[in-house]
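These notes concern the structure reproduced below.
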Amino acid sequence: MSIWKYSDQLPSPPSAKHRLTLGEGETPLIASRSIGPSLGLKNLYFKLETVNPSGSFKDRFAAAALSHLLASESKRPICLGTSSGNTGAALAAYSAAAGIPCILAIVDTAPQAKLSQMLAYGAQLIRIRGFGTDAKCTLETVEKLQSLSTQLGTVCQVSAFQFAPLAMAGVQTIAYELAAQLPDGIDHVFAPAGGGGLILAVARGFASMDNQAAVHCVQPEGNDTIATALRTGADQACSCECTTKVSGLQVASVIDGHESLTACRASGGTGHTVDDLTVFDFQRRLVEEEGIFAEPAAAVALAGAAQAMASDELDPDSNIVCLITGSGFKDASSIDRINTDREAPLVESLEEFETIVRAII
């Protein structure tokens, strides 16, 4: 199980001896048992990227990124990158596997659970105020990292085609897997977007196979850099003041936005914006009704599909895939929100235990 199963479909793959893997990819595609029928969608599927080694689709990026870094045979290999959470966890994990130091510039709103995961892998983290939420600060941070990377003789690891196209090609394997998992065809793929790298990778992956799946960009209303531009026919994405509380999608700068807009439109997809409360509600529904433990960013795709169905933009019989991009363990505060009215009582006797069980049933 590895993205390197598709090495012949990836641009300039590193030689076999440099291909690093922790078993990323080949993630399950699960048919919806509850939410799909409740929305009137007969064939709704969830692509569970939550089961990747560090808990998100970013492991596909990190596997390719570190493999290419190893292939460069740098005299001083170092992983220097940026993250709002999932990219950092993935880079830290694969850097640990490769025996390479990992230094990461982190957005100041990253959840503690993601920071803890990165630190556990041994990464060195530096949080930068305004990074992620302020477009100017974000751009300046990335430019500084690029400059430092050049000086240190390494590659700036930002999960975007604009900065790391060979590493981002690893994310295209999502499309290759989906095509194999639903050989009868996929009509629509809904994916969350921050900087746009994921939707661009998936759209390019399908395009390389001459597949007609429409790739839809779904963004929180508080980080609408691509979605509205895609829907209204604009030819460019635009930076914004980020206000969403959905971690992982707090990317105020355009990054891969222009190219994502073009690729999604060419696939037949459009843009959708959803409010934070709707996202949090679908996160709750995923875990309660489908048994899928996802972070809020992962629920954004489902919120977009539900909105599209409610607006009569989808055929109820079409095959629809929502990318569930990251695990619920990534954002503990959002799980605390779900569990507000729940508790695990401590009892003093088995009689008291029985009394509670009988009251529940």
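No lab work stands behind these numbers, since they all come straight from the coordinates. Source: prediction; values computed, not measured. Counting neighbours? That spans all protein chains shown, and the Cβs are built from the backbone with ideal geometry, glycine included.
Between [x] 0.98; [y] 1.03; [z] 0.92, which matches Cα Rg over 2.2 N^0.38 Å calculated for the structure shown?
Among [x] 0.98; [y] 1.03; [z] 0.92, the one derived from this structure is [x].
Mind telling me which of ASN223, ASN319, ASN86 comes out most flexible in a GNM of the chain, alpha-carbon contacts under 10 Å?
Answer for the Gaussian network model of the chain: ASN319.
Pairs LYS17/LYS114; LYS136/LYS245; LYS58/LYS136; LYS144/LYS245; LYS5/LYS58: which are spaced more than 21 Å apart, C-alpha to C-alpha?
Checking Cα-Cα distances, LYS17/LYS114; LYS58/LYS136; LYS144/LYS245 exceed 21 Å.
Let me have the 222 nm mean residue ellipticity of the chain computed from DSSP H runs of 4+ only, each contributing -39500 (n - 2.57), with the sum over all residues rounded to the nearest 500.
Values: 14 runs with 144 residues, N = 361.
That comes out to -12000 deg cm²/dmol.
Highest mean first, what order results for 134-142, 99-107, 198-206 on Cβ atoms within 10 Å?
198-206, 99-107, 134-142
Give the peptides 145-153, 3-11 in descending order of average Cβ contacts within 10 Å, highest first.
On the way: 145-153: 14.0, 3-11: 16.2.
Result, highest mean Cβ count within 10 Å first: 3-11, 145-153.
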